[in-house]
Amino acid sequence: MEDPSQVHVTNGLFLGDANVVLKSINGRISGLNIEDNMFKGNAYNRGPVIKLDGKFKNIDKVVIDQNHVIGMTVKSTAGKPSVTLNGTKWVAGFSSILVFPNWISHFEYSLYIQGGLHML
C-alpha cells in the first residue's frame, strides 16, 4: 500500500510468508487499521508481518494489533514486553515489536511483586 489513508485490513489470511508492505511516497500514513488477521510463514525465514518500504514522516491514527502469527515476526503499534528478574534496574526493548519504534506516543508500566517481599 502506498501512503495508506483510510484503509482497513481485517480478518485476512496471509499464507507462505505473505505480508503487508507499507510504501512511502509522500511519507504519510493516516487512518490505517490492520487487525485480526492470520499470518502463517516459514519458521526458518521469520519474516515480519508488516514491512516498511521507505520512511514515513507523518503517522496519524494507525492501529496494527491483535494479529495471529505463526512462523513470522510480529509487528504491531502496541507492545507489551515483560522483564522477570531480581534487581534495581530493568530494561525492556520495543524496537523488535513496534512497526514505528521511534513514534511512541504513550507509555505505561506496572510493577508486580510476588510473595513475601516488603518494600519500605
Apart from one, (1) in a loop (DSSP other than H, G, I, E, B); (2) surrounded by 12 or more Cβ atoms within 10 Å (Cβ to Cβ); (3) within 16 Å of the chain's Cα centre (by Cα); (4) not charged (D, E, K, R) all hold for Asn102; the odd one out is (2)
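Report those strands (runs of 3 or more DSSP E) wholly inside region 1-75 carrying at least 2 residues which are under 17 Å from the mean Cα position of the chain (by Cα). Even if it seems obvious, please write down each step before you answer.
On the way: elements: 5-10, 13-15, 20-23, 28-35, 38-40, 50-53, 58-65, 68-70.
Qualifying strands (runs of 3 or more DSSP E): 5-10, 20-23, 28-35, 38-40, 50-53, 58-65, 68-70.
Here's a check for you: in region 11-38, which residue that is of a type in the set (D, E, K, R) and in contact with a Gly (Cβ under 8 Å, 6 or more places away or on another chain) is farthest from Thr77 (Cα to Cα)?
At the first step, the residues of region 11-38 found to be of a type in the set (D, E, K, R) are 17, 23, 28, 35-36.
Filter once more, so that each one left must be in contact with a Gly (Cβ under 8 Å, 6 or more places away or on another chain): 17, 23.
Numbers: Asp17: 20, Lys23: 17 Å.
Residue satisfying both the conditions and the ranking: Asp17.
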Counted residues in region 84-99 being assigned to a loop (DSSP other than H, G, I, E, B) and surrounded by 10 or more Cβ atoms within 10 Å (Cβ to Cβ) come to 7
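Yes/no matrix, rows are residues, columns are (1) hydrophobic (A, V, I, L, M, F, W, C); (2) at pLDDT 95 or above:
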residue	(1), (2)
Phe14	yes, yes
Val20	yes, yes
Lys40	no, yes
Arg46	no, no
Ile50	yes, yes
Gly71	no, yes
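Conditions (1) among the charged types (D, E, K, R); (2) in contact with a His (Cβ under 9 Å, 6 or more places away or on another chain); (3) free of Cβ contacts under 8 Å to residues at least 12 places away in the same chain; (4) surrounded by 13 or more Cβ atoms within 10 Å (Cβ to Cβ), marked per residue:
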position	(1), (2), (3), (4)
Asp3	yes, no, no, yes
Asp17	yes, no, no, yes
Ile25	no, no, no, no
Ala43	no, no, no, no
Val49	no, no, no, yes
Ile70	no, no, no, no
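The values are calculated or read from the model by the stated rules, or taken from the named source; none is laboratory data. Here the structure is a predicted model, which means the values were calculated and not measured. Please note: Cβ atoms are built from the backbone with ideal geometry, for glycine as well, and neighbour counts cover all protein chains shown.
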